[in-house]
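All remarks here apply to the structure that follows.
The values are calculated or read from the model by the stated rules, or taken from the named source; none is laboratory data. These figures come from a predicted structure and were not determined experimentally. Because the Cβ atoms are built from the backbone with ideal geometry, glycine has one as well, and the counts that use them run over all protein chains shown.
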Amino acid sequence: MDLLGQGGMGEVWRARDELLGRTVALKLLLPGNSDPTAADRFRREAQTAARLNHPHVVAVYDAGVHDGLGFLVMELVDGHSLSQELAAHTALDPGQVASLAAQTANGLAAAHRMGVVHRDIKPGNLLLSADGTLKIGDFGIASILDDPSAALTATGQVLGTSVYLAPERALGRPAEPASDVYALGCVLYQLATGHPPFHADSTLGVVYQHVDALPTPPIQLRPELPGVLSDYLLRMLAKDPAARPTAQQAADWFAAQHRTADRVLPSTQPASAAPISKTTRMAALPPPRRRRTRRGVALAGVAGAVALGTAAVIGLSMNSGDEPASRGNGSTPGPSAPDPTPTHPGTPTTVTSAVTATATPQTPKETKVPAQKPAKKAPAKKAPAKKAPAKKAPADKP
């Protein structure tokens, strides 16, 4: 057997099913696990995944306990995760984003119809097989909506990965199907732009942004994206769960866009325009827009109950955190694969906007000029009086 990956819960091995003659992924629960809920969650993963039979969900073949070790026998996905895809390409073509979105949303819709919420949708849990088929793996922290005993969230902890955490979950509310849609929206936003929707210096900072900040429209980060795709991603990231599309609606919409990709998802960037580099996009990335609403007050009000100030927002899935990349021939097991996303859940990258300061010319103060007094007119000179002609004296007559 070859070790494919390991995480906080256990290890995943490539194994051979001698009975059926096929290669499988064998997931083993590590002995002495310090998490008191690990065994329950491991058992629940088997029960949850066994309820799902869908081409876009990793299949579970068998489960049990051997020599005190719990095990799952699962479908081995011969390919890689979307986190590895992102590491290789940063951002994907809009048509490819639409295809992956339609497949993932279809798998989620099937799970939601069975009353199952995944609760940890992220690139490392979305596996791409060699033939291009996407499969959702690792239902290890999924909850079954019709099973009240499935609430395995410990006091002060929110299960999931902060970069893809829905706002209602950050506020301590139960996960629901709309939470998966929001997480998928975050993943697709990252696939389309090369960046997750929110960035901060800490996990808690990212959580607050999910609750109280508006994401930058994707088209501003990557102008060649079609406007319809940018708008739909923002709809999936709506703060209000009721304002988001359902997983099935998203699947139908993205499938339609993929079928007509050349017509509906054209590039809005002129053919002669040079592509925008990752460095340029990062330099121009504006900070998330803030919502001036009461959500920030609500978050502070429930902080004591959820313990957001002190508890880590953690992902307790099989391969969350630092773990080795897939080994052997590159096959990826059903559980989550390593997640080398640009922004680690615990230490997201802070991106500052490049703002150019422009000097504002000042208007000079108006100077009052004193009015000049009119000049005095010189008195008119009197014309000299004309002298009367002298009268000649009459001549004496002789």
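Overview of results
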{"quantity": "Set 49, 59, 91: member being touching a His at 6+ places or on another chain (Cβ under 9 Å) and touching a residue at least 60 places away in the same chain (Cβ under 8 Å)", "calculated": "91"}
{"quantity": "Test set (1) farther than 30 Å from residue 251 by Cα; (2) under 28 Å from the mean Cα position of the chain (by Cα) - residue 19 fails condition number", "calculated": "(2)"}
{"quantity": "Strands (runs of 3 or more DSSP E) completely within the stretch 38-124 that count 2 or more residues being over 25 Å from residue 257 (Cβ atoms)", "calculated": "60-66, 69-75"}
{"quantity": "The stretch 132-166: number of residues that are modelled with pLDDT of 70 or more and either part of a helix (DSSP H, G or I) or not assigned by TED's automatic domain parsing to the domain that holds residue 214 (or both)", "calculated": "3"}
{"quantity": "So residue 25, is it buried (at least 16 other Cβ atoms within 10 Å of the Cβ) and of a type in the set (A, V, I, L, M)", "calculated": "yes"}
{"quantity": "Residue match in the stretch 81-102 (condition: more than 16 Å from the chain's Cα centre (by Cα) and within 20 Å of residue 50 (Cα to Cα))", "calculated": "no"}
{"quantity": "Failed criterion for residue 88 (all others in (1) modelled with pLDDT of 90 or more; (2) within 16 Å of residue 42 (Cα to Cα) hold)", "calculated": "(2)"}
